[in-house]
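Trainee: Take this structure first; my questions come after.
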Amino acid sequence: MPSRNLSAIRRLLDEVGPVDPTGIEERVAKYGTRSVKKAAKVFGLNLAVSMVDLTTLEGKDTPGKVASLCQKALHPHQGLDCPTTAAVCVYPAMVKHAAKIVKGTEVKIASVATAFPSGQAPLKTRLAEVKAAVADGADEIDMVINRGAFLAGELSLVQDEIASVLEACGAATLKVILETSELETYDNIRAASFLAMQVLRPGDFIKTSTGKTSANATLGNNQVMLEAIRDFYLSTGTEIAMKPAGGIRTAKQALTFLIAVKETLGDAWLNNQRYRFGASGLLNDLLRQLVKEKTGCYQAPYHFSESASSY
Amino acid sequence: MPLKITKTPKCYVGGAFIRSESGAVSPMHSLSGEFIANIPQCSRKDLRNAVEAAAKAGGWAKRSAYNRGQILYRMAEMLDARASEMADAIAITEADKKTAAAEVQVTIDRMVHYAGWTDKYEALLGSVNPVASSHFNFTVTEPCGIVGIIAADPFPLLGLMSLVLPAITSGNTVVALASSAAPYPAILLGEMLATSDLPAGVVNLLTGKRSDMISTFATHAHISSIAAAVNQTDAITLQQGAAENLKRVSLFDPETHWTSTESQGLDLIRNHLEFKTTWHPVGA
């Protein structure tokens, strides 16, 4: 089994080229050194707000909680002239509750499907879940890949499943979650990125993680995937979008991720059609920094529709 | 002759010892003009970080009053064990060694004083109120949250702790700017607090220029109460900024002689408390 595993992924990497891990780490370490202040910072913060997929994915989600999440997405903060978020991201059962509020607005409804977060359900069940979410009004579907199959070297199975989900999506945008923390190496992340991109349509997303494991989106993983998108675009002309998710909590982190996008893919990817943040807490920190830039006063977290008294 | 080990003074913030975020330092000299060390010159960003550290120490208010008292007493033990070292630190800028030693002794006494207050102030400040309907009506106190302290220049240890102690007695967490003229005792104090069972982030000590941070102390929305021993001009800055988020501001004469027992007690604890009144139906 291991030999088959190695050879299949290695053959793919021979095609698309491996990752230089040290180079990636060195590269992303530099992003934190860029100084973004004043007008540029406000631009970056507003851009980040417009890229947020405001997410609630908990067992205790209720229609009421989803409703307040939707209102937050539509009206992030009173007294601030900032954009709406890109989307709300909820479980399939909550799509119809979100649809009542955001349908017909700029805010899209994203739904995780395909037995999120493990993906360990029969394909038939996973496809039915996707179809149900789309029928209820989901504009975007976040699927998880079959990591078990990927690590076992059954790459064509993984790719076929992505293609089946894509078909089930119909007109809905698809986001393919690689769950980078379970892929273990940068090489695997790059290989999985290409595997997904080869069947995706222009404008579909690859996404780092579910946010349900200990390790989430990092600058390193983000960079590997951005470079995969760049290389894929240069060789095929297909523009694939990117969504890091999980672990991005502060405005400063978000700005650093945007710098990575700007310096790897350029301005064409600096919009919410091409780049998103999957996050729940990030929006409040972005708003906090925007109010700070506007008033000059540091703000307390509890003024941003959150019960939290800490950061 | 052994090589002299020069020390890098660092500020005690969030239970860790930090340099200023800006990297700036200012040299400190003894009375005879000898160079002692470079003291971190903290900026408003260090203040922001310290407030975030103080916010993470909210568990302090949830500890039992008795436990807070034990820890304040432990602080006194830690200072007592290193009293002569602290007296030497004060003597860098204080000519009279006896005065320096006395300041340490009064500070130790004051720590013990407030250690006794932790489980008693509530009984004196809270009340059961007479009402005309069939309700029990209570008033209880709650700590404000994060308290900003700006210490006077004289009495670098006692002046600082006389403002810090009443705030932490009731469960507040503190961000304090030490004496600008004599910051070294606050640096040393941080090293003692680190070994005193006081949870990280409850007391955060910054050094630097008052003018760099005073307006940020005044306007920071997460600081809910301020105690400051400052001059008239700084007092106006604080009160104007405090109006933004309705902070409490307690002002003290910068020339206060802190050794007096009038500089301690219940009134100073009350400065950093909120009062909550609850109506409870009789028989429910």
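Trainee: Please state which one of A:Ala128, A:Ala152, A:Ala110 is of a type outside the set (Phe, Trp, Tyr) and free of Cβ contacts under 8 Å to residues at least 60 places away in the same chain. Don't jump to the end; show me each part of the working.
Mentor: Working: A:Ala152 fails: free of Cβ contacts under 8 Å to residues at least 60 places away in the same chain; A:Ala110 fails: free of Cβ contacts under 8 Å to residues at least 60 places away in the same chain.
Among A:Ala128, A:Ala152, A:Ala110, only A:Ala128 is of a type outside the set (Phe, Trp, Tyr) and free of Cβ contacts under 8 Å to residues at least 60 places away in the same chain.
Trainee: Out of the residues in the range A:130-148 that are over 15 Å from A:Ala163 (Cα atoms) and in contact with a helix residue (DSSP H, G or I) (Cβ under 8 Å, 6 or more places away or on another chain), which is modelled with the lowest pLDDT?
Mentor: First, pick out the residues of the range A:130-148 that are over 15 Å from A:Ala163 (Cα atoms): A:132-140, A:147-148.
Next, only the ones that are in contact with a helix residue (DSSP H, G or I) (Cβ under 8 Å, 6 or more places away or on another chain) stay: A:132-134, A:136-138, A:147.
Numbers: A:Ala132: 97, A:Ala133: 97, A:Val134: 97, A:Asp136: 96, A:Gly137: 96, A:Ala138: 97, A:Arg147: 93.
Applying the filter and picking the extreme gives A:Arg147.
Trainee: Give the range B:219-261 a look and list any residue that's buried (at least 17 other Cβ atoms within 10 Å of the Cβ), within 14 Å of another protein chain (Cβ to nearest Cβ) and in a helix (DSSP H, G or I), or say none.
Mentor: Of everything in the range B:219-261, those that are buried (at least 17 other Cβ atoms within 10 Å of the Cβ), within 14 Å of another protein chain (Cβ to nearest Cβ) and in a helix (DSSP H, G or I) turn out to be B:Thr219, B:Thr237, B:Leu238, B:Gly241, B:Ala242.
Trainee: What number of residues in the range B:136-178 are away from every other protein chain (no Cβ under 14 Å) and either part of a loop (DSSP other than H, G, I, E, B) or of a type in the set (Lys, Arg) (or both)?
Mentor: Going through the range B:136-178 one residue at a time, the tally reaches 9.
Trainee: State yes or no: is A:Ala93 surrounded by fewer than 20 Cβ atoms within 10 Å (Cβ to Cβ) and in a helix (DSSP H, G or I)?
Mentor: Numbers: surrounded by fewer than 20 Cβ atoms within 10 Å (Cβ to Cβ): yes; in a helix (DSSP H, G or I): yes.
Taking the combined requirement at face value, the residue satisfies it.
Trainee: Can I ask one more? Please state which one of A:Leu47, A:Leu69, A:Leu80 is hydrophobic (A, V, I, L, M, F, W, C) and assigned to a loop (DSSP other than H, G, I, E, B). If you could, list the steps in order and put the result at the bottom.
Mentor: Details: A:Leu47 fails: assigned to a loop (DSSP other than H, G, I, E, B); A:Leu69 fails: assigned to a loop (DSSP other than H, G, I, E, B).
Among A:Leu47, A:Leu69, A:Leu80, only A:Leu80 is hydrophobic (A, V, I, L, M, F, W, C) and assigned to a loop (DSSP other than H, G, I, E, B).
Trainee: Another question, if that's okay. For the range B:180-218, how many residues meet the condition of being assigned to a loop (DSSP other than H, G, I, E, B), touching a residue at least 40 places away in the same chain (Cβ under 8 Å) and away from chain A (no Cβ under 14 Å)? Outline the logic, then answer.
Mentor: Applying the first criterion (assigned to a loop (DSSP other than H, G, I, E, B)) to the range B:180-218 yields B:180-183, B:194-202, B:207-209.
The next check asks that each one be touching a residue at least 40 places away in the same chain (Cβ under 8 Å); those that pass are B:181-183, B:194-202, B:207-209.
Restricting the remaining residues to those that are away from chain A (no Cβ under 14 Å) gives B:181-183, B:194-198, B:207-209.
Within the range B:180-218, residues that are assigned to a loop (DSSP other than H, G, I, E, B), touching a residue at least 40 places away in the same chain (Cβ under 8 Å) and away from chain A (no Cβ under 14 Å) number 11.
Conditions tested, residue by residue: (1) of a type in the set (Ser, Thr, Tyr); (2) surrounded by fewer than 17 Cβ atoms within 10 Å (Cβ to Cβ); (3) over 16 Å from B:Arg19 (Cα atoms); (4) at pLDDT 95 or above.
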residue: B:Ile36; (1), (2), (3), (4): no, yes, yes, no
residue: B:Arg63; (1), (2), (3), (4): no, yes, yes, yes
residue: B:Gly69; (1), (2), (3), (4): no, no, yes, yes
residue: B:Tyr73; (1), (2), (3), (4): yes, no, yes, yes
residue: B:Ala76; (1), (2), (3), (4): no, no, yes, yes
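Trainee: State yes or no: is A:Ala254 aliphatic (A, V, I, L, M), outside any strand (DSSP E or B), modelled with pLDDT of 95 or more and out of contact with any strand residue (DSSP E or B) (no Cβ under 8 Å at 6 or more places or on another chain)?
Mentor: Details: aliphatic (A, V, I, L, M): yes; outside any strand (DSSP E or B): yes; modelled with pLDDT of 95 or more: yes; out of contact with any strand residue (DSSP E or B) (no Cβ under 8 Å at 6 or more places or on another chain): no.
Spelling it out, it is not the case that A:Ala254 is aliphatic (A, V, I, L, M), outside any strand (DSSP E or B), modelled with pLDDT of 95 or more and out of contact with any strand residue (DSSP E or B) (no Cβ under 8 Å at 6 or more places or on another chain).
Trainee: Could you go through the range A:225-246 and let me know if any residue there is of a type in the set (Lys, Arg), away from chain B (no Cβ under 14 Å), buried (at least 20 other Cβ atoms within 10 Å of the Cβ) and not in a loop (DSSP other than H, G, I, E, B). So that I can check it myself, show each step before the final result.
Mentor: Keep residues of the range A:225-246 that are of a type in the set (Lys, Arg), which gives A:230, A:243.
Adding the requirement that they be away from chain B (no Cβ under 14 Å) leaves A:230, A:243.
Narrowing the set further to residues that are buried (at least 20 other Cβ atoms within 10 Å of the Cβ) leaves A:243.
Of the ones still in play, those that are also not in a loop (DSSP other than H, G, I, E, B) are A:243.
Yes, the range A:225-246 has at least one match.
Trainee: Scan the range A:277-300 residue by residue and report those that are touching a Ser or Thr at 6+ places or on another chain (Cβ under 8 Å), more than 16 Å from B:Thr216 (Cβ to Cβ) and either in contact (Cβ under 8 Å) with a residue 40 or more places away in the chain or part of a loop (DSSP other than H, G, I, E, B) (or both).
Mentor: Selection gives A:Gly278, A:Ala279, A:Ser280, A:Leu282, A:Leu283.
Trainee: What about B:Ala57, is it in contact with a Pro (Cβ under 8 Å, 6 or more places away or on another chain), within 14 Å of chain A (Cβ to nearest Cβ) and either part of a loop (DSSP other than H, G, I, E, B) or of a type in the set (Val, Ile, Thr) (or both)? Walk me through how you get there before you give the answer.
Mentor: Values: in contact with a Pro (Cβ under 8 Å, 6 or more places away or on another chain): yes; within 14 Å of chain A (Cβ to nearest Cβ): yes; either part of a loop (DSSP other than H, G, I, E, B) or of a type in the set (Val, Ile, Thr) (or both): yes.
It is true that B:Ala57 is in contact with a Pro (Cβ under 8 Å, 6 or more places away or on another chain), within 14 Å of chain A (Cβ to nearest Cβ) and either part of a loop (DSSP other than H, G, I, E, B) or of a type in the set (Val, Ile, Thr) (or both).
Trainee: Counting only residues that are of a type outside the set (S, T, N, Q), within 22 Å of the chain's Cα centre (by Cα) and modelled with pLDDT of 95 or more, how many does the range B:92-140 have? Give the derivation first.
Mentor: Of the range B:92-140, the ones of a type outside the set (S, T, N, Q) are B:92, B:94-98, B:100-104, B:106, B:108-117, B:119-126, B:128, B:130-132, B:135-136, B:138, B:140.
Going one step further and asking which of them are within 22 Å of the chain's Cα centre (by Cα), we end up with B:92, B:94, B:100-104, B:106, B:108-117, B:119-122, B:125.
Pick out the ones that are also modelled with pLDDT of 95 or more and you get B:100-104, B:106, B:108-117, B:119-122, B:125.
Counting residues in the range B:92-140 that are of a type outside the set (S, T, N, Q), within 22 Å of the chain's Cα centre (by Cα) and modelled with pLDDT of 95 or more gives 21.
The values are calculated or read from the model by the stated rules, or taken from the named source; none is laboratory data. Note that this is a predicted model, so its numbers are computed, not measured. Cβ sites come from the backbone with ideal geometry, for glycine too, and all protein chains shown count toward neighbours.
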